[in-house]
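A.B. asks: Take a look at the following structure, please.
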Amino acid sequence: MAAINSVVYLESQGDIAVITVNSPPVNALSADVRDGLAGAFAALAGHDAKAVVLVCAGRTFIAGADISEFGKAPRGASLPVVQDAMESSPVPVIAAIHGTALGGGLEVALCAHYRVSDAKAKFGLPEVKLGLLPGAGGTQRLPRIVGAKKATEMVTSGAQMGARDALAVGLVDEVVDGDLTAGAVAFAQRVVAEGRPLKKVRDDASKLGGSADELAPFFAEFRAKNAKAFNGFDAPEANIKCIEAAVALPFDEGLKVERSEFMKLMTGLQSAAQRHVFFAERAAAKIDGLPADMQPLPVKKVGVIGAGTMGGGISMNFLSVGIPVTIVEQKQEALDRGVGVIRRNYENSAKKGRFSMDEVEARMGRLTPSLDMNDLADCDLIIEAVFENMAIKKDIFGKLDQIAKPGAILASNTSYLDVDEIAAATSRPESVVGMHYFSPANVMRLLEVVRGEKTDPQVLATAMAMGKATGKIAVVAGVCHGFIGNRMLSRRQQQANLLMLEGAAPADIDRVLTDFGFPMGPFQMSDLAGLDIGWNAETSKGETVRDRLCEAGLRGQKNGKGFYTYDENRNRTPNPDALAIIDAYAAEKGINRRTIDDQEILERCLFPMVNEGARILAEGKAQRASDIDIVWINGYGWPVYRGGPMFWAENDVGRARIVEVLEKMGEEVSPLLKDGWK
Ligand code: T1G
């Protein structure tokens, strides 16, 4: 095998030339890979190969352009040069695909004359998840194979297609059993022997599925159907425009539309934000100071204490990936209720076709309900998810200390209590860690893993690994009140309450934040969670607006009246009774009410959060600013196309503006916010 360069190799197998890309971890189309491919096809000019097979070493075929090169000065051969060399090759080019042919990787494969894959291969154009679109001909070639409708779905969702479906729609010509390269070479020899044509995807518009006029109703309906999901994002509409161009225009004209739409997105802030999030998600998994090769402890059996909403959701995460769970409650009735909710959740998913009823039984079969904490003695990881009360938690951890086997990990799902204080209730604080899930715990992707003062690094690594193994994005947080997310949220809530007293209507504050991209505003959230959470009628003295609302019988969505009134379809309308209570309270407190504009609402709600984020960073309660972004995007609904609060502060608003406004607000500004963070 001759090296074209450090990542691309060329060899002959009989009269078939085999080009191998070997650029770990995912054979991304870096400058070296592009140079190597261009070099390989140039080397084949005048070569006597009858056909060419393009294959990749390692875990996957090309998984796209090299995202880390975006925004940097272009280097090496351009992708269109490589693609033209493939497409205009005088001999058949066969792409042999395994793993995930994504983005530019699939676009390269679409320039081959034929494609074969193994049975596990996946195909997709996920650029929309990076705020982009397939910028190397994917929006013009894919619809020519799978049809405009399917292509529209694929480029706006980024969803992957399996090998069988790919074969069915003609995206691949053969699914190879056994060794992929050998199968591809054999396929190539058949193509040569049978004199099959050099099929250029670009030349065949017969499968588009209709003319521009015939497909116009589809595009209109598709936009309408997805308007809510696409709201705020620039990329989906740009993707649709390109598929429309593929239908309406000749190939090269469509390519021009794709190019211009791509460049608009590539130079925009949304894609920069979503690319930041791509790398931030992967960085979050890395624990500073830990050897990269530290192996997590084995977790074969999990215990959960508390079968309430959180305990049930947490248990499902493990049951769903094949790990048996023993769930413990104090009373039979509560236990039965909790187990019943888990079963219903699974049955609902089965009804939606996500998996079979057999799978429901298999998952329920892994669950052992119990009223006895001693049944947790053989668990590798025990997660406590009971009422937020320090005394109760310390009592449970004290008992667990007696019951749990040596080396077992003792985790608390507390959402703000001091994990070190909980750990001190045991003789093994090194085995104690926080695992803060978000409700519903079987759905929300975020997991704050709280590193206690004495938490053993391997215990921390194991909690993080279990997060990943159960489909979570795990982020390390230090011990402080509310950890990363809730600590920052309390700053936003504080300002929202002040703005409400100073004259901003709760509905306006919610509107400003939902217009910004949050799924819900603070007052909608309060109504959803219930205004009476932690409220006690006996001790309530009307000290806060919330007290007054509760004293007036307002509870939020659960009784149809809170900051909003709710009809039978949960449609909300600002509640005049709540507004009257707020007015009266503000008057009583002598607060001069005034008209407050949307910009002030937004800045006062979000800037103190960023300031708190900078404090959290400065105190080392978060490892990196991008972790804070991941917490807010995956746990608190921060719009991904704004990159998270710290990215937004740095790249959109600018720290100087935030410092200026915070100083005007009389806030103590974190020095890190002034100086900047890495
Ligand atoms: N560019 C650069 N680095 C990449 C990369 C890419 N495309 N894909 C993955 N990595 C790195 C990643 O940061 C991590 O690094 C390591 O590889 C393993 O990734 C012109 C414009 C392929 C499904 O969007 O979805 O093509 O943290 O942890 O879980 O139209 O990676 O180890 O240092 O995610 O097994 C389109 C992105 C690009 C696919 C594997 N392609 N990648 O998942 O591993 S835009 C994508 C993925 C484009 C063209 C356009 C996943 C994966 P580190 P990992 P994984």
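The values are calculated or read from the model by the stated rules, or taken from the named source; none is laboratory data. None of the values given here were measured: they were computed from a predicted structure. Using ideal geometry, Cβ is built from the backbone for each residue, glycine included, and neighbour counts are taken over all protein chains shown. These area figures cover heavy atoms from the full protein model, side chains too; ligands, DNA and RNA do not enter into them. Shrake-Rupley method; radii C 1.70, N 1.55, O 1.52, S 1.80 Å.
A.B. asks: Using only Cα atoms, what Kirkwood radius does the chain have, in angstroms?
C.D. replies: Kirkwood radius, the chain: 28.1 Å.
A.B. asks: I've got another one for you. May I ask you to compute the full-extension gain from residue 285 to residue 445, defined as 0.36 nm times their residue separation minus their alpha-carbon distance, rounded to one decimal in nm?
C.D. replies: On the way: separation 160, 0.36 × 160 = 57.60 nm, distance 1.33 nm.
Extra length available between residue 285 and residue 445 comes to 56.3 nm.
A.B. asks: When the Cα atoms of segment 380-441 are enclosed in a convex hull and the volume is divided per residue, what value in Å³ results? Mind dumping the intermediate values first?
C.D. replies: Numbers: hull volume 4.4 nm³, N = 62.
That works out to 72 Å³ per residue.
A.B. asks: Before anything else, pin down the relative contact order of segment 217-366: Cα pairs under 8 Å, at least 6 apart, normalised by residue count, whole percent.
C.D. replies: This gives 14 percent for segment 217-366.
A.B. asks: Go through 383-391, 415-423, 130-138, 539-547 and give me the packing order, highest mean Cβ count within 10 Å leading.
C.D. replies: Details: 383-391: 16.9, 415-423: 20.3, 130-138: 27.0, 539-547: 14.2.
Descending mean neighbour count gives 130-138, 415-423, 383-391, 539-547.
A.B. asks: Further question: Taking a ≥ b ≥ c as the square roots of the Cα gyration tensor eigenvalues, with a/c under 1.5 meaning rounded and otherwise prolate when a/b beats b/c, else oblate, which class fits segment 44-134? It would help to have the intermediate numbers written out before the result.
C.D. replies: Working: a/c = 2.18, a/b = 1.30, b/c = 1.68.
In terms of gyration-tensor shape, oblate.
A.B. asks: Do you know the relative contact order of segment 156-279, to the nearest whole percent, from alpha carbon pairs under 8 angstrom that are 6+ apart? Could the numbers behind the result be given before it?
C.D. replies: Numbers: 44 pairs, mean separation 25.3, N = 124.
This gives 20 percent for segment 156-279.
A.B. asks: Loop-only trypsin sites (Lys or Arg not before Pro) in segment 98-137, please: DSSP not H, G, I, E or B, and at most 15 other Cβ atoms within 10 Å. Provide the component values of the computation, followed by the final result.
C.D. replies: Working: sites: 115, 120, 122, 129; in loops: 120.
Here the sparse-neighbourhood loop sites are 120.
A.B. asks: Run the Debye formula on the Cα coordinates of segment 362-500, all scatterers equal and no solvent, and tell me log10 I(q)/I(0) at q = 0.09, 0.10, 0.15, 0.18 1/Å.
C.D. replies: -0.28, -0.35, -0.75, -1.04
A.B. asks: Right, here's the next one. Please state the relative contact order of the chain as a whole percent: Cα pairs under 8 Å, 6+ residues apart? Spell out each step's value before the answer.
C.D. replies: Details: 1263 pairs, mean separation 60.0, N = 678.
Contact order relative to length: 9 percent.
A.B. asks: When the Cα centres of segment 221-255 and segment 635-678 are compared, how far apart do they sit, in Å?
C.D. replies: That distance is 33 Å.
A.B. asks: Another question about this same structure. With a point put 7 Å past each Cα toward its Cβ, work out how far residue 15 is from residue 84 in nm, to one decimal.
C.D. replies: 3.0 nm
A.B. asks: Right, another one. For segment 153-261, what class follows from the C-alpha gyration tensor (a ≥ b ≥ c being the square roots of its eigenvalues): rounded when a/c is under 1.5, otherwise prolate if a/b is larger than b/c, else oblate? Don't skip to the answer; put the middle values down first.
C.D. replies: Working: a/c = 2.61, a/b = 1.81, b/c = 1.45.
Note, shape of segment 153-261 comes out prolate.
A.B. asks: Once every DSSP H run of n ≥ 4 in the chain is given -39500 (n - 2.57) and the sum is divided by its residues, what mean residue ellipticity at 222 nm do you get, rounded to the nearest 500 deg cm²/dmol? Could the numbers behind the result be given before it?
C.D. replies: Details: 28 runs with 314 residues, N = 678.
Result for the chain, helices only: -14000 deg cm²/dmol.
A.B. asks: Over what distance in Å are the Cα centres of segment 99-171 and segment 438-467 separated?
C.D. replies: 35 Å
A.B. asks: A follow-up question, please. Of 286/621; 621/664; 301/399, which sit over 22 Å apart, Cα to Cα?
C.D. replies: Pairs exceeding 22 Å: 621/664.
A.B. asks: Something else about it: On average over all directions, what projected area in square nanometres does segment 522-678 have, based on the convex hull of its Cα atoms?
C.D. replies: Working: hull surface 46.1 nm².
Result: 11.5 nm².
A.B. asks: Non-local amide H neighbours of residue 379 (under 5 Å, H modeled in plane, Pro and chain starts lacking H): which ones?
C.D. replies: Result for residue 379 returns 405.
A.B. asks: Also, I was wondering about something else. Extending each Cα 7 Å along its Cβ direction at residue 665 and residue 569, get the distance between those two points in nm, one decimal.
C.D. replies: If labels sit at residue 665 and residue 569, their model points lie 3.7 nm apart.
A.B. asks: Label-point separation (nm) for residue 119 and residue 584, each offset 7 Å from Cα along Cα-to-Cβ?
C.D. replies: Each label point lies 7 Å from its Cα, and together they span 7.1 nm.
A.B. asks: Quick one: length gained pulling residue 267 to residue 3 fully straight, 0.36 nm per residue minus the C-alpha distance?
C.D. replies: Working: separation 264, 0.36 × 264 = 95.04 nm, distance 3.54 nm.
In short, 91.5 nm is gained.
A.B. asks: Which trypsin sites (Lys or Arg not before Pro) from segment 342-405 combine a DSSP loop assignment with at most 15 other Cβ atoms within 10 Å? Could you put the intermediate results ahead of the total?
C.D. replies: On the way: sites: 343, 344, 351, 352, 354, 363, 366, 393, 394, 399; in loops: 352, 354, 366.
Qualifying residues, ordered by number: 352, 354.
A.B. asks: What FRET efficiency would be calculated for the residue pair residue 355, residue 199, taking the C-beta separation as r and a Förster radius of 56 Å, to the nearest 0.05? Numbers along the way, then the final one.
C.D. replies: Working: r = 38 Å, r/R0 = 0.68.
With a Förster radius of 56 Å, E is 0.90.
A.B. asks: Divide the volume of the convex hull of the Cα atoms of segment 417-556 by its number of residues and quote the answer in cubic angstrom per residue.
C.D. replies: Values: hull volume 19.3 nm³, N = 140.
Enclosed volume per residue, from the Cα hull, is 138 Å³.
A.B. asks: Using a 1.4 angstrom probe, figure out how much accessible area segment 325-483 has per residue, in square angstrom, rounded to the nearest whole. Before the final figure, lay out each step's value.
C.D. replies: Details: 6790 Å² over 159 residues.
I get 43 Å² per residue for this part.
A.B. asks: State which helices in the chain qualify, where a helix is a whole DSSP H run, it must extend 24 Å or more along its own axis by its Cα atoms, and its mean Kyte-Doolittle hydropathy must be at least -1.0. Intermediate values should be presented prior to the final figure.
C.D. replies: Values: long enough: 212-230 (25 Å, -0.11); 332-351 (28 Å, -1.05); 485-502 (26 Å, -0.83); 598-618 (30 Å, 0.16).
Passing helices, by number: 212-230, 485-502, 598-618.
A.B. asks: Give, in whole angstrom and from largest to smallest, the semi-axes √(5λ) of the equivalent ellipsoid of segment 88-217, with λ running over the eigenvalues of the Cα gyration tensor. Could you put the intermediate results ahead of the total?
C.D. replies: Numbers: eigenvalues 122, 61, 31 Å².
Rounded to whole Å, the semi-axes are 25, 17, 13.
A.B. asks: Express the Stokes-Einstein translational diffusion coefficient of segment 203-318 in µm² s⁻¹, to the nearest whole number, given a Kirkwood radius over alpha-carbon pairs, 10 °C and a viscosity of 1.306 mPa s. Walk me through the numbers on the way to the answer.
C.D. replies: Values: Rh = 19.2 Å.
Diffusion coefficient, whole number: 83 µm²/s.
A.B. asks: Enter the Cα centre distance for the pair segment 1-29 and segment 498-576, rounded to the nearest angstrom.
C.D. replies: 62 Å
A.B. asks: Then there is this: Grab the beta carbon distance between residue 552 and residue 399, set R0 = 41 Å, and tell me the FRET efficiency rounded to 0.05.
C.D. replies: Working: r = 42 Å, r/R0 = 1.02.
Computed FRET efficiency for residue 552 and residue 399: 0.45.
A.B. asks: Work out how much length residue 70 to residue 520 would gain on full extension: take 0.36 nm times their residue separation and subtract the Cα-Cα distance, in nm to one decimal. Write down the numbers at each step before the final one.
C.D. replies: Working: separation 450, 0.36 × 450 = 162.00 nm, distance 3.26 nm.
Here the segment from residue 70 to residue 520 would lengthen by 158.7 nm.
A.B. asks: What residues from segment 260-292 fall in the zone where the backbone N is under 20 Å from a label point 7 Å along the Cα-to-C-beta line of residue 468?
C.D. replies: 276-292, by backbone N distance to the label point.
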